[in-house]
Amino acid sequence: MNPDLILKHARPVPRYTSYPSAPNFSNAVGPETYRSWLGALPAGARLSLYVHIPFCRELCWYCACTAKAVQRYDPVAQYLLSVEQEIANIANLLPGRVKVTQMHWGGGSPSILCPDDIKRLSAVLREEFSAGELDEFAVEIDPRSLPEQTILAFASAGVTRVSIGVQDFDPAVQKAINRAQTLEETSRAIDLFRTQGVNSINIDLVYGLPRQGQETLERTIEQVLLLRPDRIAIFGYAHVPARARHQKMIDEASIPDAAQRVRQSQLLRRIVMGAGYKQVGIDHFALPSDKLATHPTRRNFQGYTTDDSDAIIGLGASAIGQMPQGYVQNAVPVGDYARRIAENGLATARGIALSLEDRMRARVIERLMCDFTFSARALEAEFGKAADMLAMEAEAFLEMDQDGLAEPTRDGFRCTERGRVLVRSICTWFDAYWLGDSRHSLAV
């Protein structure tokens, strides 16, 4: 792709795991609003549960997630008491029986939990929400020094998929991001999970990291393919040191520029698809037999998913929930989260209520991120004549597009190959909240 075109469009933009994106949330939505939204869920509603475990044994410098390093287990144990109380409080606010279809534990690193706490947390969630058999129970795993008993506990709790962070196997890159991890310990963890019947494996890779080059990435992806994961997620490094202060430890001069990031992304995509994986959205790849490749996809805070639940309940510090009426987010600092649970029962610190226009724009952006298409007909079928406004905006985008990012269809447009690379920038055209600020990661 032309470097000038990349520079023109590769500005910091939202990742669009939600619309409006999290920086647009405010304290206008608090605990009382969330209580009313929970109480309005109908009996039989399909729920997805997300639990955030914001602890790691050490911080990786590249990470922009909400996490803190701990050397003792006491803070983790104390935190789980607050999470269990939040679980009970939310379950009591639901008006009738609900059906939990999915669970996802993220972090930080949920694998920091001791085996007994893994089993206990799973049991509490299942009991309070009357959760029976789940469509999916996914957990994020750090494979480094992972005890076999921890793996057995996750399997016993009913985990069906594990997501393992690799980022890059090159020692120089690992040193630059403070994450030493061998192929052997990664392979060992995967083999042990598969032995226990947890056969769905996702591996996360990151391009655009310091000291990363085409050759190092090619070696890493070839090693990953030997492990034959069901899914591979390939994310662009988000360098946001103003928000993730430990990223200041990274030498900015060693970070690939926008044009190099595009070349790295395209190299990885070419190799992974050549190995038989199907691309899903901008950065996920799945084997043809995997559900992500065979079912309609959505996009939420877990990335690309087949989750079709009516609501996502976020549990734990910083966790974000998605309700029919809007989004809610818990307090971020662990201490503030625990205090709010003790005093108020809920830890909701901010959120946003969705207008009809928000819902329409959210649908347009989600379909662009998933399918790379805008369909006026599909939008009108869901929202009626109110969708005409966005159809006009799509026509205006096509008239404005001088770079070949899209091509017209009978009722809208589809992104071209270069438009797919820059689809996050295209989405800003439909983002009424977009101010062109620098709080986000690069669009490529």
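Restricting the first member to region 90-104 and to residues that are on the phi < 0 side of the Ramachandran plot, and the second to residues that are hydrophobic (A, V, I, L, M, F, W, C) and surrounded by fewer than 17 Cβ atoms within 10 Å (Cβ to Cβ), the beta-carbon pairs closer than 7 Å and six or more apart or on different chains are Pro95/Ala43; Gly96/Ala43; Arg97/Ala43. Answer yes or no: is there a residue in region 418-434 that is in contact with an Asp or Glu (Cβ under 7 Å, 6 or more places away or on another chain), closer than 30 Å to Leu38 by Cα and of a type outside the set (A, V, I, L, M). Within region 418-434 (the criterion being in contact with an Asp or Glu (Cβ under 7 Å, 6 or more places away or on another chain), closer than 30 Å to Leu38 by Cα and of a type outside the set (A, V, I, L, M)), the answer is yes, since at least one residue qualifies. Quick check: is even one residue across region 312-329 more than 29 Å from Arg410 (Cα to Cα) and surrounded by fewer than 17 Cβ atoms within 10 Å (Cβ to Cβ)? Within region 312-329 (the criterion being more than 29 Å from Arg410 (Cα to Cα) and surrounded by fewer than 17 Cβ atoms within 10 Å (Cβ to Cβ)), the answer is yes, since at least one residue qualifies. Every condition in (1) of a type outside the set (A, V, I, L, M); (2) surrounded by fewer than 14 Cβ atoms within 10 Å (Cβ to Cβ); (3) modelled with pLDDT under 95 is met by Thr195 except one, and the failing one is (3). Among the residues of region 281-295, those identified as in contact with a helix residue (DSSP H, G or I) (Cβ under 9 Å, 6 or more places away or on another chain) and in contact (Cβ under 8 Å) with a residue 60 or more places away in the chain are Gly281, Ile282.
Going residue by residue through region 293-302, is there one that turns out to be under 23 Å from Gly281 (Cβ atoms), more than 17 Å from the chain's Cα centre (by Cα), hydrophobic (A, V, I, L, M, F, W, C) and surrounded by fewer than 20 Cβ atoms within 10 Å (Cβ to Cβ)? Among the residues of region 293-302, at least one is under 23 Å from Gly281 (Cβ atoms), more than 17 Å from the chain's Cα centre (by Cα), hydrophobic (A, V, I, L, M, F, W, C) and surrounded by fewer than 20 Cβ atoms within 10 Å (Cβ to Cβ), which makes the answer yes. Scanning region 38-78 for residues that are assigned to a helix (DSSP H, G or I) and buried (at least 21 other Cβ atoms within 10 Å of the Cβ) yields a single hit, Leu38. Please tell me if Ala406 is modelled with pLDDT of 95 or more, more than 22 Å from Phe235 (Cα to Cα) and buried (at least 16 other Cβ atoms within 10 Å of the Cβ). It is true that Ala406 is modelled with pLDDT of 95 or more, more than 22 Å from Phe235 (Cα to Cα) and buried (at least 16 other Cβ atoms within 10 Å of the Cβ).
Only one of the listed residues (Arg228, Arg219, Arg270) is in contact with an Asp or Glu (Cβ under 8 Å, 6 or more places away or on another chain) and surrounded by fewer than 16 Cβ atoms within 10 Å (Cβ to Cβ). That residue is Arg219. Just one residue in the set Ala138, Ala131 is buried (at least 16 other Cβ atoms within 10 Å of the Cβ), assigned to a loop (DSSP other than H, G, I, E, B) and touching a strand residue (DSSP E or B) at 6+ places or on another chain (Cβ under 7 Å); that residue is Ala131. Residues that are surrounded by fewer than 17 Cβ atoms within 10 Å (Cβ to Cβ) and modelled with pLDDT under 95 are absent from region 102-125.
The values are calculated or read from the model by the stated rules, or taken from the named source; none is laboratory data. Because the structure is predicted, anything quoted here is derived from the model rather than measured. Neighbour counts are summed over all protein chains in view; Cβ atoms, including those assigned to glycine, are modelled from backbone coordinates with ideal geometry.
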